[in-house]
1. List the pairs whose first member sits in the range 13-33 and is of a type in the set (Phe, Trp, Tyr), whose second member is outside any loop (DSSP other than H, G, I, E, B) and open to solvent by less than 90 Å² (accessible area, probe 1.4 Å), and whose Cβ atoms are under 8 Å apart, counting only residues at least 6 apart or on separate chains?
2. Output the residue which, of all residues in the range 58-87 that are assigned to a loop (DSSP other than H, G, I, E, B) and among the hydroxyl-bearing types (Ser, Thr, Tyr), is surrounded by the fewest Cβ atoms within 10 Å (Cβ to Cβ).
3. Here are some conditions: (1) closer than 27 Å to TYR8 by Cβ; (2) open to solvent by less than 30 Å² (accessible area, probe 1.4 Å). SER112 meets all but one. Which one does it not meet?
4. Does SER90 qualify as being at pLDDT below 90, surrounded by 15 or more Cβ atoms within 10 Å (Cβ to Cβ) and of a type outside the set (A, V, I, L, M, F, W, C)?
5. Here is a check on your reading of the model: is ARG37 under 21 Å from LEU108 (Cβ atoms), under 19 Å from the mean Cα position of the chain (by Cα), outside any strand (DSSP E or B) and without any contact (Cβ under 8 Å) to a residue 40 or more places away in the chain?
6. Which of (1) assigned to a strand (DSSP E or B); (2) surrounded by fewer than 16 Cβ atoms within 10 Å (Cβ to Cβ) does ASP30 not meet, given it meets every other one?
7. Is it the case that the range 14-24 has a residue that's of a type in the set (A, V, I, L, M, F, W, C), at pLDDT below 95 and open to solvent by 60 Å² or more (accessible area, probe 1.4 Å)?
8. Looking at this structure, is TRP123 open to solvent by 100 Å² or more (accessible area, probe 1.4 Å), of a type in the set (A, V, I, L, M, F, W, C), modelled with pLDDT of 60 or more and within 29 Å of ILE55 (Cα to Cα)?
Amino acid sequence: RDDVPALYWYDSLYQAEELLTHFGAGIAYDGVWSPTREQIAFVSNDSGNDEIWMINRDGSEPRQLTRDEFNWWDKHPSWSPDGQQLVFWSNRAGHAQILVMDPDGNNLYSLSRTNFNDWDPVWIKYPGVPANAHQIHTPYTGPYDPSGSDRNCKEFETDAVDQNFYVAADGPL
């Protein structure tokens, strides 16, 4: 169908376009490629509410991952760098909150811990940060002001504290 938003795959080498989603009344949008598989997570309202779905790159095996009642929305999926989880936002708690789940829809949990609205998460991988960074670097929890004055390493108690401040300020490891 070309009368509703849908997911397409485009081959720039052969300049070929292929429709991936073939829904009846529903639309498909917000598609995101898995970093590790030939799969795309996306949002569709084909079941009545905006839900998170998954489809293979060739358009096969579309499957609904979330199933909400009432008028709840699940939107804006984003993959973890290792392709093992999806993050998205939902209003199922009465306000927008950030949720994480496995790519099969299991192990759903909330990252939001406040009554404020949280939405449009993006899971990113910082280049150059080792997988065990949380073990070898203690996060800097002191007062970092991104628009503050420059700091001198001598102002910190230890080399580890000044290194953690540097990393918190987006310095490379």
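1. PHE23/SER44; TYR29/PHE42; TYR29/VAL43; TYR29/SER44; TRP33/GLN39; TRP33/ILE40; TRP33/TRP79
2. Per the criteria, the residue is SER60.
3. Result: SER112 passes all but (1).
4. No: the conditions fail for SER90.
5. Working: under 21 Å from LEU108 (Cβ atoms): yes; under 19 Å from the mean Cα position of the chain (by Cα): yes; outside any strand (DSSP E or B): yes; without any contact (Cβ under 8 Å) to a residue 40 or more places away in the chain: no.
When the stated conditions are applied, ARG37 does not pass them.
6. Result: ASP30 passes all but (2).
7. no
8. Working: open to solvent by 100 Å² or more (accessible area, probe 1.4 Å): no; of a type in the set (A, V, I, L, M, F, W, C): yes; modelled with pLDDT of 60 or more: yes; within 29 Å of ILE55 (Cα to Cα): yes.
When the stated conditions are applied, TRP123 does not pass them.
The values are calculated or read from the model by the stated rules, or taken from the named source; none is laboratory data. Just so we're clear, the structure is a prediction, and the values are computed from it rather than from any experiment. No Cβ is skipped: glycine too gets one built from the backbone with ideal geometry, and neighbour counts run over all protein chains shown. Only protein heavy atoms, including side chains, enter the accessible area calculation; ligands, DNA and RNA are left aside. Shrake-Rupley method; radii C 1.70, N 1.55, O 1.52, S 1.80 Å.
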